[in-house]
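J.: The structure is given below, and queries will be raised subsequently.
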Amino acid sequence: MRWIWQQPDWPDFRYDNRALNSRELEFRLNSERLAGRVEALPMASQEAATIDLMLSEAIKTSAIEGEDLDRESVRSSLLSLMTSDSIPDNSDQKAAGAAMLLVDVRKSWHTSLTHDLLGKWQSMAVPELRYTPVLRGAYRNDPSATQIVSGPYGREKVHYEAPPATQVPGEMTRFIGWYNQTIPLNRDTKIPGIARAGIAHLWFEVIHPFDDGNGRVGRAIADHALSQYLGYPTTACLATAIEGDKKSYYLQLEKASRGNLEVNAWLDYFADQVIKAQEIAREEVDFVLAKVRFYEAHGDQLNDRQARMVSRVFAEGRKGFEGGITTKKYEAITKCPNRTASRDLSDLVAKGIIIPLPGGGRTTRYELTTVKPAVQGVRKP
């Protein structure tokens, strides 16, 4: 028996509860601190932080599957969904689908899983395309083996083989039943939150119920489970954390899919990714806060060209503007001549809005200054 679903005790997953205790506590504390950070932002910035977190997740969960999405198309779809609960008819379908999945998981965190809900999520993850045999919104029904393989033709390596399609409906009914019976609000449940999310993700991936989109739906289920554990939508950037080393992710899934049903190693890996995901979310929120402080301090000192350049720099997100700001980049962004670009940059330096980066060589590079929080004065008695 090569795969865990072939074991006689499937799906009786076994693990050591105590091994996750410290990370369960850390996850809860980090979540409370993150929620407090977001609530401390102005309302418009709270929305911006939420959009940025979801934007990262939508792009990265697709990138794990080797699919690149246009950042601005995803952002546009998220903004439209969050404000009007709809997307324009001419939207990029892949970007719109990724955005719809993230928003729907966030809005339905408190609901039970159903076959229909999972089918809807899969339809969002896999937009309708012409000339494709992929089933959308329904479990796979192809009688041939469903395998994950790599390598050249004739020398393929089988990393995993899923249960036959005839078993999928029954397997999914059992999975959904377990998931809904172990909701944290149920006082009889004894499964810690991270363990439940990790097992749910692994179990779903082992069944591999759809023709396509299993990875994206499986990570959505993990987010759904973590949100149910907290009692509100999680801000942890799980897909972003996983995408940072997706080879390890696939390796851990492959290892957990073989042999017996002892899953301590998988849950140890998964718990580490959850904590890493919260660190990324904190950085994202801090980036939004830094942007708010910057505009409060310098927003009224920028001319139209300078404002356009600053907006472009911030659009790159928390990892910053690669290579720094240069005269040439300023010209390209603002569509102005070299002399104007040099004058604008000198003006920004004089105002302390940008600072030169060390080691620039023949070309001077700049970065935006970081605005520190104001220190509140202390009244003397």
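Bear in mind these aren't lab numbers, they're just calculated from the coordinates by the rules spelled out. As the structure is a computational prediction, the values presented were derived from the model and not from experiment. Note that each Cβ is placed from the backbone with ideal geometry, even for glycine, and that neighbours are counted across all protein chains shown.
J.: Could you list 336, 237 so that the one with the fewest beta carbons within 10 Å of its beta carbon is first and the one with the most is last?
T.: With the fewest neighbours first, 336, 237 line up as 336, 237.
J.: Against the longest alpha carbon principal axis of the chain, how many degrees, from 0 to 90 and to the nearest 10, is the axis of helix 93-107 turned?
T.: With rounding to tens, the tilt is 80 degrees.
J.: With angles folded into 0 to 90 degrees, how steeply does helix 264-298 sit against the dominant principal axis of the chain? Use alpha carbons for both and round to 10.
T.: Value to nearest ten degrees: 20.
J.: Turning to a different aspect of this structure: Run the quick spin-label model on residue 142 and residue 311: label points 7 Å from Cα toward the beta carbon, then report their separation in nm to one decimal.
T.: Spacing of the two 7 Å Cα→Cβ label points: 4.6 nm.
J.: Given 5 Å bins starting at zero, what is the percent of C-alpha pairs of segment 302-368 in each, up to the one with the largest pair distance?
T.: 3, 19, 31, 29, 15, 3, 0
J.: Additional query: Could you list which residues have their amide H under 5 Å from that of residue 262, counting only those 5 or more apart in sequence or on another chain, with H placed in the peptide plane?
T.: 14
J.: Nothing charged except the Cβ atoms of Lys and Arg (+1) and of Asp and Glu (-1): what's the magnitude of the dipole of the chain about its Cα centre? Round to the nearest 20 debye. Write out the running numbers ahead of the final one.
T.: Working: 49 positive and 49 negative charges, 249 e Å.
It comes to approximately 1200 debye.
J.: On to the next question. Full extension from residue 293 to residue 268: what is 0.36 nm times the residue separation minus their Cα-Cα distance, to one decimal in nm? Before the final figure, lay out each step's value.
T.: Numbers: separation 25, 0.36 × 25 = 9.00 nm, distance 3.80 nm.
So the extension gain works out to 5.2 nm.
J.: So for the chain, averaging the separation of alpha carbon pairs under 8 Å that are six or more residues apart and normalising by length, what relative contact order in percent results? Could the numbers behind the result be given before it?
T.: Values: 470 pairs, mean separation 73.1, N = 381.
With pairs under 8 Å counted, the relative contact order is 19 percent.
J.: Pop the C-beta distance of residue 369 and residue 304 into the FRET formula with R0 = 22 Å and round what comes out to the nearest 0.05. List each step's numbers first, then the result.
T.: Numbers: r = 20 Å, r/R0 = 0.92.
The formula returns an efficiency of 0.65 here.
J.: Taking H as built 1.01 Å from N, whose amide H comes closer than 5 Å to the amide H of residue 160, not counting residues under 5 places away?
T.: Here the answer is 148, since their amide H atoms fall under 5 Å of that of residue 160.
J.: If you don't mind, another one. Measure nothing fancy, just the Cα-based angle from helix 43-63's long axis to the longest principal axis of the chain, in degrees from 0 to 90, nearest 10.
T.: 50
J.: Rg/Rh for the chain to two decimals, with Rh computed the Kirkwood way over all alpha-carbon pairs. Spell out each step's value before the answer.
T.: Working: Rg = 23.9 Å, Rh = 23.1 Å.
Result for the chain is an Rg/Rh of 1.03.
J.: I've got another one for you. Report the residue, chosen from 333, 194, 242, that carries the largest GNM mean-square fluctuation when the chain is represented by alpha-carbon nodes joined by springs under 10 Å.
T.: 333
J.: Here is a follow-up. Place the peptides 60-68, 257-265 in order of packing, highest mean first, counting for every residue the other Cβ atoms within 10 Å and averaging per peptide.
T.: Numbers: 60-68: 16.4, 257-265: 14.8.
Taking the mean over residues of other Cβ atoms within 10 Å, the ranking is 60-68, 257-265.
J.: Describe numerically, in nm with one decimal, the distance between label points set 7 Å from Cα along Cα→Cβ at residue 350 and at residue 174.
T.: Here the modelled spin labels are 7.5 nm apart.
J.: Take each of the peptides 91-101, 315-325, 347-357, average the number of other beta-carbon atoms within 10 Å over its residues, and list them starting from the highest.
T.: On the way: 91-101: 22.9, 315-325: 13.8, 347-357: 15.7.
Packing order, densest peptide first, comes out as 91-101, 347-357, 315-325.
J.: Okay, moving on. If you average the sequence gap of Cα pairs under 8 Å that are 6 or more apart and divide by the length of segment 302-368, what percent do you get for the contact order?
T.: Values: 55 pairs, mean separation 19.6, N = 67.
Relative contact order for segment 302-368 comes out at 29 percent.
J.: Among 183, 341, 160, pick out the residue whose Cα is farthest towards the positive end of the charge dipole of the chain, where Lys and Arg carry +1 and Asp and Glu carry -1 on C-beta, about the Cα centre.
T.: 341
J.: Let me ask something else about it. Pick out which of 226, 29, 78 has the largest mean-square fluctuation in a Gaussian network model of the chain, springs linking Cα atoms closer than 10 Å.
T.: Result for the chain, Cα springs under 10 Å: 29 fluctuates most.
J.: In what sequence, highest mean first, do 196-202, 21-27 appear when ranked by Cβ atoms within 10 angstrom? Write down the numbers at each step before the final one.
T.: On the way: 196-202: 24.0, 21-27: 15.6.
Most protected by this proxy first, the peptides run 196-202, 21-27.
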